[in-house]
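What follows is one structure encoded as structure tokens, with my remarks underneath.
The values are calculated or read from the model by the stated rules, or taken from the named source; none is laboratory data. In this text the structure is predicted, and so the values were computed from the model without any measurement. Glycine gets a Cβ as well: all are built from the backbone with ideal geometry, and neighbour counts include every protein chain shown.
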Amino acid sequence: MTTLYKTFRRALTTKDGALLGSIFSPENPDRGTFAFSTNHERIRGDVEYEISGLTPLRDENTRAAWIDTLVCYWKIAYILERDDGADVSWAKAYEGQKDLLLVMVRGYTKGNWPHWTLPVMYQICLSLRTVAILSDDQARRLGKASEHLEDAARYINKAFTLCISDRAPIEESRKWGTYYIVNLMFKTYFKLNSVGLAKNILRVLPASLADMPPLEAFPKSHIVTFKYYCGVVSFLEEDYGNAQAHLTYALNHCKADSIRNKELILTYLIPTTMLTKHKLPTLELLSRFPRLATLFNPVCKTIKSGNLQAFDAALRHGEEEFVKRRIYLTLERTKDIAMRNLFRKVVLYQNEESRTKIPVRQFQIAMGLEADGDTVMRSTPERVEVEIEEVECLLANMIYKGLMKGYISRERQTVVLSGKEPFPGTVV
Amino acid sequence: MSAPPWRSGGTNGNNRNGAFHSVNSRKTLSGRPIHHDGTQTLTQNPAPEQTPKTQFPDKLKDYVARTFEDCPPDEKAAVELELKRIITDAFNEKVVWSLEWDKMPLPQTILARKKVTAKEEQTTKTLSMNRVSNETKASPASPFIRKPNYSNVMDVDYPGRKRKSAGSSEELTPPTPDRFEERFDKRPRQGDKFLPTSGKLSQREKDKRAKRFEDERREYLPDSATPEVPDNKKPLIGRCMDLEKRYFRLTSAPNPDHVRPLHVLEKTLEMLKRKWRSEANYSYICDQFKSLRQDLTVQHIKNDFVVTVYEIHARIALEKGDLGEYNQCQTQLHSLYREGFKGHEEEFKAYRILYLIHTCNRADMNELLANLTPADKEVKAIKHALEVRSVLAAGNFHRFFRLYLEAPAMGGYLMDSFVARERKAAMCMICKGYRPDIDIRFLTEELGFESDTDCVNFLCENEAADLIEQKSGDKGVPNSIRFQTAKALPLFERAKKAAFSKVDIKGQL
């Protein structure tokens, strides 16, 4: 008897969902022996024989569904084993995975598969996605168009419906699988670059939330991932308030040692916090995540120093990476803080008594600072001259956004600053 | 000697032949199998007497070889079938030895020709594709002719009516007014219990409506109209030769009689370009372009010409500030460029950036930025659009209005759509930032107005007329018009909020 059958029997009798799920992974180490144990003619008969006599399979429909599932899995295993490594036709494997998913759906709808077998659903959806990506990659290498991943998203959606539409009492409901599947869908939609579809799920979900257990009752791993995706969707929609809440939750509940996940969460949480709370990440925080340090340090440094030219240069320098991670537009807006810091330094540079009335010209000089100079107010011949109207415009902008308190008197060409806290939130 | 080899041998050859023939005539979908030498197909004839041994002329063997030499695999079955038919016919006609096989067109060519003829034939025949019979061209008087299938139109024009199975005899005769009366009779009678007084009137009303509907239908559906059973696999080819056509939103499958084929559409575009230059009648041009686009779509045409059509329509729509129409074109262009068709992709990328600014669509903007190549960023128009985006993000209205005044190509028209709104936003900043008042001239310059008058008009439109005042110099000579900023802030805050809340997202990509 092939080990795979033994594992299957054990998993079913001990109700070990995780073990049962792992059987249907394309990575199952028993895949090879299983694939070569029989042939297309005999596979069904073999499976029927091997899994006969199991008590949990007394129900005719349940047994039939498991037989179909194992046969479908065998076909995939056969494709993967038969074709030599690089020659595997992933498109063919994808078709197999699709069949496997459909048989799985039937298992739940007709075959009365209990809720503890949910890991089987997880595994099958997961491998459908993996194989779809491999198939698309392969097609692209051959110069063909392939849309298997989009197709896969539609099929995973079936599993989603399977979860939320289960009417069984909550203790044994498939509803417990909802967030895992939703996360998988998010992941797929993000890979497909269609945030719109991701938003759709968030629109559908609340409707079925009413009869669902509270979020905290679900496995933490599901929830942290879910919160992360919610946060990213809010982030992309520029709903920074919600983004902050979701991402903070995700960060606080994230497993302590999963550096990679924390890094992903922080990639969005840091720009969000910079924008909403005008807070820069501490060096201590960045030192724990070297990748984030390289990503954010240059920009943070220029924000602190208030060197606008250097800020632009840092943004340009990291543009490709920022755009790829979809944080460019957000970081760009932190220039306000850099400018606030620069103007603040201009004010601090003045004599104590003349701090409430400052000529616009002073700000103009400061804005023209060259990129390399770190000393504020140093005037050099290579300065970038900014028109006085533009300086005024940006000052008005600062005042309008509440980063500065005061007003511009155009006739006198001066900025009249509030005597008390001209830069709210800073010590000045 | 007269029968082809696949007919010889086998005891019930006749039966097999029968089956073979019927399949043959159906598969080609040609309405009638066109014969290369003008003879009629002998589909009904049982095979003549068979001889056990058949011989082929060498030229025929070469012909067969040529046929399969460069035959694409997906067409192979059809070609094989056609080849069999040709050879069978040749045997039946006993011309197999006399025919000049080396001058004979290949089955592929014949098939291609048949497809075209099959389409053309539908001008005279109203048969649905799957009911093709073996009629010859000489008998156009099919019993089905001039009996349009009304079912499609009915479904649309008469709400509440259920679709009947197509092909029922009732469906083929136009409904008479009596039948409408009957149908409309029902509801008032049910309603009588509750509304006894309205019965008579509503009956007459409904009769009137029934009549009106019928008139409308006649108008849109000329007698020759022949809605076809849609065949999704094969794009239809139009046969309308008119250059002009009014746009009408299709409610049923397109009729090839009213669809213009590509070569006509090409002339149409030239004509429209001429007319736009000479007459500049936008409503006419837009209507014509929409019908032009529709004809392209229903015929599944996709090539560089299509790109040109959409580009020209997009530019005209931009010029007229018709952003809805522009966006439809842009959406199509986006996918056409992606499929590799050539046009002015860079120009339209720049427009797209500006359009995304207009719709405040940051998610798509992110996407677009991620897909820009370094080469794209060097293009003048794209550079300009990107700068517009970045200065707006920074709240730098000073630079924004400069960029507005120097927008390349049609970019200025697009910017028109959000300049008004950005002016209000800028006014908010100015009102908050400058105290106690500000020179009108300064506003004119900073907000990109063409004259002080325009600026004053803008202020008046925003109910800020009271806040404009004339200032006099030392000797009582008026030297400037000032605007009181502090008091105007709430006004412009409100205006800004209203301006940003409604953004056109029709057909959003």
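State whether one or more residues within segment A:144-161 are within 14 Å of chain B (Cβ to nearest Cβ), closer than 25 Å to A:TYR229 by Cβ and surrounded by fewer than 16 Cβ atoms within 10 Å (Cβ to Cβ). Yes, there is a match, as at least one residue in segment A:144-161 is within 14 Å of chain B (Cβ to nearest Cβ), closer than 25 Å to A:TYR229 by Cβ and surrounded by fewer than 16 Cβ atoms within 10 Å (Cβ to Cβ). For segment A:276-303, the tally of residues that are surrounded by fewer than 22 Cβ atoms within 10 Å (Cβ to Cβ) and either at positive phi or in contact with a helix residue (DSSP H, G or I) (Cβ under 7 Å, 6 or more places away or on another chain) (or both) stands at 13.
Can you tell me which residue in segment B:426-445 is nearest to B:LEU405 (Cα to Cα), limited to those that are β-branched (Val, Ile, Thr) and more than 8 Å from chain A (Cβ to nearest Cβ)? Can you show your working first?
Initially, segment B:426-445 is screened for residues β-branched (Val, Ile, Thr), giving B:430, B:438, B:440, B:444.
Checking which are more than 8 Å from chain A (Cβ to nearest Cβ) leaves us with B:440, B:444.
Numbers: B:ILE440: 19, B:THR444: 13 Å.
For segment B:426-445, the residue satisfying everything is B:THR444.
Going through segment A:408-427 one residue at a time, which ones are under 17 Å from A:ARG361 (Cβ atoms) and not hydrophobic (A, V, I, L, M, F, W, C)? Spell out how you get there, then give the answer.
Residues of segment A:408-427 that are under 17 Å from A:ARG361 (Cβ atoms), as a first pass: A:408-417.
If the condition is that a residue be under 17 Å from A:ARG361 (Cβ atoms) and not hydrophobic (A, V, I, L, M, F, W, C), then A:SER409, A:ARG410, A:GLU411, A:ARG412, A:GLN413, A:THR414 are the ones that fit.
Check segment A:284-293 and report whether any residue there is more than 14 Å from chain B (Cβ to nearest Cβ) and either among the acidic types (Asp, Glu) or under 22 Å from A:ASP239 (Cβ atoms) (or both).
Yes: one or more hits.
Against the list (1) basic (Lys, Arg); (2) assigned by TED's automatic domain parsing to the domain that holds B:VAL298; (3) at pLDDT below 85, the condition B:LYS206 fails is (2).
Collect the residues in segment B:366-389 that are surrounded by 17 or more Cβ atoms within 10 Å (Cβ to Cβ) and within 7 Å of another protein chain (Cβ to nearest Cβ), keeping them in residue-number order. B:ASN366, B:GLU367, B:LEU369, listed by residue number.
Filtered by the rule that a residue be assigned to a loop (DSSP other than H, G, I, E, B) and of a type in the set (Ser, Thr, Tyr), segment A:113-156 gives a lone residue, A:SER146.
Taking every residue in segment A:306-320 that is without any contact (Cβ under 8 Å) to a residue 40 or more places away in the chain and pairing it with any residue that is acidic (Asp, Glu) and part of a helix (DSSP H, G or I), at least 6 positions away or on another chain, the pairs with Cβ-Cβ distances below 7 Å are A:LEU315/A:GLU332.
Yes/no per residue for (1) touching a residue at least 40 places away in the same chain (Cβ under 8 Å); (2) not assigned by TED's automatic domain parsing to the domain that holds B:GLU345:
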site	(1), (2)
B:TYR247	yes, yes
B:GLU266	no, no
B:ALA280	no, no
B:ASP295	yes, no
B:ASP304	no, no
B:GLU311	no, no
B:ARG315	yes, no
B:ASP322	yes, no
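Screening B:TYR247 with (1) more than 29 Å from B:HIS358 (Cβ to Cβ); (2) surrounded by fewer than 17 Cβ atoms within 10 Å (Cβ to Cβ) gives one miss only, at (1).
When you scan segment A:85-99, do you find a residue that is in the same structural domain as A:ARG174 (by TED's automatic domain parsing), in a helix (DSSP H, G or I), touching a Phe, Trp or Tyr at 6+ places or on another chain (Cβ under 7 Å) and among the charged types (D, E, K, R), even just one?
Step one: filter segment A:85-99 for residues in the same structural domain as A:ARG174 (by TED's automatic domain parsing), giving A:85-99.
Narrowing the set further to residues that are in a helix (DSSP H, G or I) leaves A:85-87, A:90-99.
Those still in the list that are touching a Phe, Trp or Tyr at 6+ places or on another chain (Cβ under 7 Å) too: A:98.
Cutting the leftovers down to among the charged types (D, E, K, R) gives us A:98.
Checked against the condition, which is being in the same structural domain as A:ARG174 (by TED's automatic domain parsing), in a helix (DSSP H, G or I), touching a Phe, Trp or Tyr at 6+ places or on another chain (Cβ under 7 Å) and among the charged types (D, E, K, R), segment A:85-99 yields at least one hit.
A:MET104 passes every criterion in (1) over 25 Å from A:ARG42 (Cα atoms); (2) in a helix (DSSP H, G or I) apart from (1). Here segment A:326-353 is the region considered, the condition is being basic (Lys, Arg) and either more than 25 Å from B:LEU369 (Cβ to Cβ) or surrounded by 18 or more Cβ atoms within 10 Å (Cβ to Cβ) (or both), and the residue that is farthest from the other protein chains (Cβ to nearest Cβ) is A:LYS345. Here A:SER258 fulfils each of the conditions (1) surrounded by fewer than 19 Cβ atoms within 10 Å (Cβ to Cβ); (2) touching a residue at least 12 places away in the same chain (Cβ under 8 Å) apart from (2). For A:ALA314, are the conditions met, namely being closer than 30 Å to A:VAL347 by Cα, in a helix (DSSP H, G or I) and of a type in the set (Gly, Ala, Ser)? Spelling it out, A:ALA314 is indeed closer than 30 Å to A:VAL347 by Cα, in a helix (DSSP H, G or I) and of a type in the set (Gly, Ala, Ser). The single residue among B:GLY448, B:GLY411 that is crowded, with 19+ Cβ neighbours inside 10 Å, more than 9 Å from chain A (Cβ to nearest Cβ), touching a residue at least 24 places away in the same chain (Cβ under 8 Å) and on the phi > 0 side of the Ramachandran plot turns out to be B:GLY448.
Identify, please: which residue in segment A:388-412 is of a type in the set (D, E, K, R) and more than 7 Å from chain B (Cβ to nearest Cβ) and is, among those, surrounded by the most Cβ atoms within 10 Å (Cβ to Cβ)?
Quick first cut of segment A:388-412, residues of a type in the set (D, E, K, R) only: A:389-390, A:392, A:401, A:405, A:410-412.
The next check asks that each one be more than 7 Å from chain B (Cβ to nearest Cβ); those that pass are A:392, A:401, A:405, A:411-412.
Details: A:GLU392: 23, A:LYS401: 13, A:LYS405: 15, A:GLU411: 11, A:ARG412: 11.
Going through the qualifying residues, I end up with A:GLU392.
Which of the residues that make up segment B:330-346 are over 16 Å from B:ARG293 (Cβ atoms) and within 16 Å of the chain's Cα centre (by Cα)? If the condition is that a residue be over 16 Å from B:ARG293 (Cβ atoms) and within 16 Å of the chain's Cα centre (by Cα), then no residue fits.
If we scan segment A:40-57, do we find a residue that is among the acidic types (Asp, Glu), in the same structural domain as A:ASN112 (by TED's automatic domain parsing), touching a Phe, Trp or Tyr at 6+ places or on another chain (Cβ under 6 Å) and closer than 25 Å to A:TYR122 by Cα? Break it down into steps so the answer makes sense when it comes.
Here is the first cut: in segment A:40-57, the residues among the acidic types (Asp, Glu) are A:41, A:46, A:48, A:50.
After this cut, where a residue has to be in the same structural domain as A:ASN112 (by TED's automatic domain parsing) as well, the list is A:41, A:46, A:48, A:50.
Checking the rest, the ones that are also touching a Phe, Trp or Tyr at 6+ places or on another chain (Cβ under 6 Å) come to A:50.
When the remaining residues are screened for being closer than 25 Å to A:TYR122 by Cα, the result is A:50.
There is at least one residue in segment A:40-57 that is among the acidic types (Asp, Glu), in the same structural domain as A:ASN112 (by TED's automatic domain parsing), touching a Phe, Trp or Tyr at 6+ places or on another chain (Cβ under 6 Å) and closer than 25 Å to A:TYR122 by Cα.
The residues of segment B:452-488 that are buried (at least 16 other Cβ atoms within 10 Å of the Cβ), out of contact with any strand residue (DSSP E or B) (no Cβ under 7 Å at 6 or more places or on another chain) and at pLDDT 90 or above, listed by number, are B:CYS455, B:PHE458.
Might you let me know whether segment A:197-204 holds any residue that is surrounded by 20 or more Cβ atoms within 10 Å (Cβ to Cβ), within 30 Å of B:ALA370 (Cα to Cα) and away from chain B (no Cβ under 14 Å)? Spell out how you get there, then give the answer.
Here is the first cut: in segment A:197-204, the ones surrounded by 20 or more Cβ atoms within 10 Å (Cβ to Cβ) are A:198.
Filter once more, keeping what is within 30 Å of B:ALA370 (Cα to Cα): A:198.
Retained after the next criterion (residues that are away from chain B (no Cβ under 14 Å)): none.
Within segment A:197-204, not a single residue is surrounded by 20 or more Cβ atoms within 10 Å (Cβ to Cβ), within 30 Å of B:ALA370 (Cα to Cα) and away from chain B (no Cβ under 14 Å).
Total residues in segment B:341-376 satisfying the condition of being in a helix (DSSP H, G or I) and polar (S, T, N, Q): the figure is 3. Only one of the listed residues (A:ALA371, A:ALA366) is at pLDDT below 90, under 20 Å from A:ILE303 (Cα atoms) and assigned to a helix (DSSP H, G or I). That residue is A:ALA366.
For segment A:410-425, enumerate the residues that are farther than 15 Å from A:ILE399 by Cα and in contact with a helix residue (DSSP H, G or I) (Cβ under 8 Å, 6 or more places away or on another chain).
The initial filter retains those residues of segment A:410-425 that are farther than 15 Å from A:ILE399 by Cα, namely A:411-413.
Within segment A:410-425, A:GLN413 is the sole residue that qualifies.
Close Cβ contacts (under 8 Å, 6 or more residues apart or on different chains) running from residues in segment A:228-241 that are at the interface with chain B (Cβ under 10 Å from one of its Cβ atoms) and within 18 Å of A:CYS254 (Cα to Cα) to residues that are outside any helix (DSSP H, G or I) and not basic (Lys, Arg) are absent. Scanning segment A:10-31 for residues that are surrounded by fewer than 17 Cβ atoms within 10 Å (Cβ to Cβ) and at pLDDT 90 or above gives A:ARG10, A:THR13, A:THR14, A:LYS15, A:ASP16, A:ALA18, A:LEU19, A:SER25.
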